[in-house]
Structures are given as C-alpha cells and as structure tokens.
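The values are calculated or read from the model by the stated rules, or taken from the named source; none is laboratory data. For clarity, every value in this text was computed on a predicted model and none was experimentally measured. Please note: Cβ atoms are built from the backbone with ideal geometry, for glycine as well, and neighbour counts cover all protein chains shown.
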Amino acid sequence: MPEMFWSVNQSLLVALVDTFKIFACTLIFAIPLGLVLSFGSMSKIRPLKYTIDLIVWVFRGTPLMLQLFVVFYIPGILLHNNIWGSGTDGRMLATIVAFSLNYACYFSVIFRGGIEGVPAGQREAGEVLGMTKSQIFFKITLLQMVKRVVPPMSNEIITLVKDTSLARVIGVVELTHAGYAYIKAAGIIWPLFYTAVFYLLFVGILTLLFNYIERRLSYFR
Amino acid sequence: MAILEVKNIEKHFGSTKVLKDVSFSLDEGNTLAIIGSSGSGKTTLLRCLNFLETPDHGTISVHGSTIFDAALPASENEKDLRRKRLHFGMVFQSFNLFPQYTALENVMLAEQLLAKERPDFKQNKKQIYAEIEEHGKALLTQMGLADRMDHYPHQLSGGQQQRVAIARALALQPDILCFDEPTSALDPELTGEVLKVIRGLAENKTTMVIVTHEMTFARDVADQIIFMDGGVVVEQGDAKQVIDNPQEERTRQFLSRYTQG
Ligand SMILES: Nc1ncnc2c1ncn2[C@@H]1O[C@H](COP(=O)(O)OP(=O)(O)OP(=O)(O)O)[C@@H](O)[C@H]1O
Ligand SMILES: [Mg+2]
C-alpha cells in the first residue's frame with residue numbers, strides 16, 4: 001500500500017507541473033493583454049471601445065469550458081488543419097491561448113476599475129505641480145492603482161488555480177485528469193479526492209503571498 | 001504693476017457658457033478673493049488659470065508676458081506648458097494630497113522631480129536633495145506642522161492635510177497661489193487653523209487668488225474682491241468696499257444671505 005501511495009504522489013506531482021504551466025503562462029499573457037484591453041475599453045475612439053467591450057462580453061459571458069472546445073476544435077474544422085499540432089504540446093498550447101484570452105478579459109475589467117478609481121484630483125495635483133505625464137503615472141497613480149487592484153486580482157488568480165482543471169476536457173493531463181485516471185487504470189477513487197490537497201496547498205501559498213502584498217500596501221489609504 | 005492680467009476669458013462646456021468675458025488684474029503682493037453663489041464659475045476660472053481647463057477666448061498674462069492666448073494655436077510642447085503652469089500654485093478644496101507619501105514627501109516630490117532637469121543634478125545630487133529637504137521642512141514648520149512631517153495624509157486631520165497642501169503648493173515658489181474654497185471640506189472647528197495660515201501668507205505679501213465663502217475672512221484679508229454670478233463678473237473692487245457697500249443689486253442680495261445667517 002505505501003508503494004501505491006508514493007506512486008500516486010509521483011504521478012500527481014508530474015501532472016501538477018502541467019497545472020502550474022497553465023497557471024503561470026496564463027498570468028504571463030493575460031496580465032499585459034488585460035492592460036491593453038483595459039486601455040482600449042477606456043478609449044475615446046468609439047469603434048475600438050465597442051469592439052473591445054463586445055469581446056469582453058463574449059469571453060465573460062460564456063463558459064471557459066466552451067471556449068476551450070472552440071479554441072481547440074474550430075481552427076481544425078474551418079481550416080481542415082489542426083493548427084495546434086498533434087500530441088500533448090498542441091493541447092497545452094490551445095489551453096494556454098483560451099485561458100489567456102478569457103482571463104485577460106476578466107483582468108481588463110479589474111484594471112479599468114483600478115485606473116478609474118484613482119480620483120482625477122490626484123492627476124490634476126501632479127499637473128499643477130509641473131509634473132510630466134509619465135511622472136504622474138509612475139510616481140502618483142500607479143501605486144494607488146496597484147493597491148486597488150490587488151484584492152480583486154487575488155480572487156481571480158485563486159479561481160484560475162482551480163479553473164486549470166477544465167483543461168482535461170481537451171485532454172491535457174493536469175492534476176484532476178491524473179487523479180481521475182486512477183479510477184479506470186487501477187480501480188481506485190481516492191487519488192481523485194486526494195488531488196484536493198495539492199490545490200489547497202497551491203492556493204494556501206498564494207493566499208499568504210497576497211496577504212503579504214496587501215500588508216505591504218496598507219501603510220496608506 | 002499688475003503681476004496677473006486676465007482679459008476677456010470665456011469658457012463653454014458643450015453649449016453652456018460658464019465664463020463670460022471675465023477680466024481682472026492683480027498687483028504683486030495683493031490678495032484677490034472671488035465670491036459668488038454655487039455654479040457661478042469660480043472653480044472654472046481658477047482651473048483656467050492653472051491650465052486644467054483651456055479657455056475658448058481671452059488671454060492670461062503674468063509679469064506682462066502673455067502665457068495664454070486663445071487666439072493662438074495650442075500646439076505647445078509639454079515642457080513649455082509645464083513651465084507656464086509653474087507661475088501658478090493650486091490648493092484644492094479636497095486637498096488632493098498623494099496618499100502614499102508622507103507630509104514631507106508630498107511637499108518635496110515636485111521639487112525633486114524638477115531638480116532632475118537641472119544640468120548640475122548629477123554632480124550635486126546629494127546637496128540638491130539636502131537643500132530640497134531643508135526647504136520642505138521649513139515650509140511645514142511655517143505651517144505649524146513640524147511634528148507631523150512623517151505622517152501619512154490619512155493620519156492627519158483635514159486642517160492639517162490642507163496645510164500640507166499649502167506647503168506643497170508653496171514649494172515651487174509660484175508667482176500666484178490659488179485656493180479653491182480651501183476650508184469648505186473642513187469641520188467648522190478646523191477652518192480657523194487654515195485661515196490663519198492663509199492670513200499669514202497675505203501678511204508676507206504672497207500674491208493670492210482665493211475662492212471662498214468666508215465673507216469676514218475675505219473682507220479682512222483680501223485687498224480686492226470679485227463677485228461672480230452666472231459666469232459674469234458682476235462687481236469688483238476694494239474688498240472692504242464691496243462687502244460693506246456693494247454697488248450692484250445682485251451683490252447686495254448675495255451678501256445679505258451671509259449677514260442674515
Ligand atoms: N467639466 C464640466 N463639464 C460640464 N459642465 C461643467 C464642468 N465643470 C463645471 N461645469 C458647470 O459649470 C458651471 C460652473 O461651475 P463651477 O464649478 O466653476 O462653479 P463654482 O462657482 O465653483 O461653484 P461652487 O461654489 O459650487 O464650487 C456649473 O454650472 C457647472 O455645472
Ligand atoms: Mg467651486
């Protein structure tokens with residue numbers, strides 16, 4: 001029995017690497033893309049603003065699982081060619097693309113709230129003191145934005161950890177997939193339930209990190 | 001000789017005319033109080049002086065040189081605009097202190113950023129920063145805040161925050177210091193300390209333009225008063241004369257609300 005326990009741990013740890021890959025790559029791509037979208041949604045150029053609002057509406061208004069299917073299968077159906085390539089790398093790539101687009105839309109709304117939440121008086125105070133636009137952004141508004149954005153971002157990022165389990169619907173062997181596989185392969189169900197421990201540890205570490213950041217920013221209001 | 005000359009300023013927001021042909025001048029070392037009911041355009045006028053709004057018509061001159069002319073195309077680079085701005089300081093109704101900086105840092109920030117543009121900055125960085133710090137501390141001491149320099153804005157009372165904001169505006173030594181209802185956001189028991197500081201500045205011959213609803217204060221401290229109504233200057237003149245002996249019916253009506261209350 002102990003050997004079984006260790007072998008389950010081993011294969012779940014391997015799957016955790018893919019879970020982490022989805023998580024990290026999504027953050028790396030979705031944060032900058034979210035910033036770009038948030039600027040676009042505040043643009044004075046109406047067609048641009050409406051286009052971005054539409055995109056954000058679609059991605060926030062449909063299930064992420066559906067988006068995974070669409071991103072993975074539609075190019076093959078339309079182009080008669082699987083642009084994702086065969087094998088596990090292609091599935092991972094499609095997952096990261098779908099997740100990044102989806103999360104960028106959520107992040108853009110958060111960023112927009114953070115940017116618009118800084119009172120206009122802050123910018124004006126900088127202007128009348130002869131500061132340049134970039135000085136105003138970097139020295140005055142940026143930190144106030146970050147402070148506003150950290151609590152909603154930590155919520156989304158914790159949700160992202162658990163959303164990675166959706167990638168199994170297009171065959172990515174992430175944590176939940178690996179745990180589930182034991183039902184068929186070995187007739188045991190406890191590894192599936194045991195994956196919860198990994199998620200909890202992952203989220204626990206993130207929670208500590210976000211608490212630390214919030215504490216570091218609590219010296220001002 | 002007039003340090004500030006404002007001529008024929010007009011400002012529209014959409015189709016509403018908020019300022020109509022506003023003209024006045026102010027001598028160096030004098031204080032001008034702007035009074036008038038809500039929505040009469042007082043804030044908009046101050047914002048025009050500080051380049052936070054662009055007038056549709058008119059000119060603004062400081063020390064005899066025109067720094068704004070609506071007739072000229074506004075194709076200016078940021079640097080020129082910033083230099084022109086520095087003729088004016090601005091104290092806002094809601095303080096607008098930078099929350100992430102201490103009182104002293106709030107006062108020093110703009111001066112430190114400006115110092116970076118000095119040609120000798122790299123060589124004398126330490127000395128320049130030391131001078132700026134000394135200057136900031138002196139200003140806060142002058143405001144009676146010597147023991148509050150390292151406090152963050154949220155740790156200060158409204159009156160203290162507004163005094164920090166005054167020190168911050170003074171740090172760049174503007175030619176003309178503007179105040180937009182500096183005490184309206186304060187509890188009544190805190191207005192005194194801010195008015196006292198402004199009174200001190202007037203005694204030191206700081207040139208100031210103050211929008212205020214404190215009529216007694218305006219009468220005592222200001223040299224000149226402008227009464228505005230509906231975007232027009234209805235009456236202007238010597239402060240005591242306008243308050244004690246207004247010539248226009250609208251001024252009389254406006255002032256009677258304060259003397260009755
Ligand atoms: N950005 C803006 N867009 C549209 N209208 C504006 C804007 N700013 C001010 N106004 C309008 O211009 C008029 C003058 O406003 P202003 O704030 O200058 O008045 P005020 O004399 O300062 O009033 P108060 O005593 O209430 O501060 C008001 O009718 C106001 O609604
Ligand atoms: Mg006003």
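Quick notes
- Verdict on residue A:140 being under 30 Å from residue B:48 (Cα atoms), buried (at least 21 other Cβ atoms within 10 Å of the Cβ) and within 14 Å of chain B (Cβ to nearest Cβ): yes
- Within the stretch B:72-122, the set of residues being within 16 Å of ligand 2 (Cβ to nearest atom) and aromatic (Phe, Trp, Tyr) comprises B:92, B:95.
- Residues satisfying the stated conditions in the stretch A:163-173, i.e. buried (at least 20 other Cβ atoms within 10 Å of the Cβ) and among the hydroxyl-bearing types (Ser, Thr, Tyr): A:164
- Test result for residue B:144, outside any helix (DSSP H, G or I), surrounded by 13 or more Cβ atoms within 10 Å (Cβ to Cβ) and either in the same structural domain as residue B:157 (by TED's automatic domain parsing) or modelled with pLDDT of 95 or more (or both): yes
- Residue match in the stretch A:174-197 (condition: of a type in the set (Phe, Trp, Tyr), surrounded by fewer than 13 Cβ atoms within 10 Å (Cβ to Cβ) and within 14 Å of another protein chain (Cβ to nearest Cβ)): no
- Residue within the stretch B:145-159 that is farther than 30 Å from residue B:239 by Cβ, among the hydrophobic types (A, V, I, L, M, F, W, C), away from ligand 2 (no atom under 16 Å from the Cβ) and away from chain A (no Cβ under 14 Å) present: yes
- Matching residues, the stretch B:94-127, being surrounded by 19 or more Cβ atoms within 10 Å (Cβ to Cβ), more than 9 Å from chain A (Cβ to nearest Cβ) and farther than 20 Å from residue A:134 by Cα: B:102, B:103, B:104
- Unique residue being away from ligand 2 (no atom under 16 Å from the Cβ) and either away from chain A (no Cβ under 14 Å) or among the hydroxyl-bearing types (Ser, Thr, Tyr) (or both) when the list is B:59, B:43: B:59
- Flag if residue A:188 is out of contact with any strand residue (DSSP E or B) (no Cβ under 8 Å at 6 or more places or on another chain) and outside any helix (DSSP H, G or I): yes
- Residues in the stretch A:123-179 that are among the hydroxyl-bearing types (Ser, Thr, Tyr) and either closer than 30 Å to residue B:113 by Cβ or outside any helix (DSSP H, G or I) (or both): A:132, A:134, A:141.
- Each residue in the stretch B:11-38 was checked for being surrounded by 15 or more Cβ atoms within 10 Å (Cβ to Cβ) and more than 16 Å from ligand 2 (Cβ to nearest atom), and 7 of them qualify.
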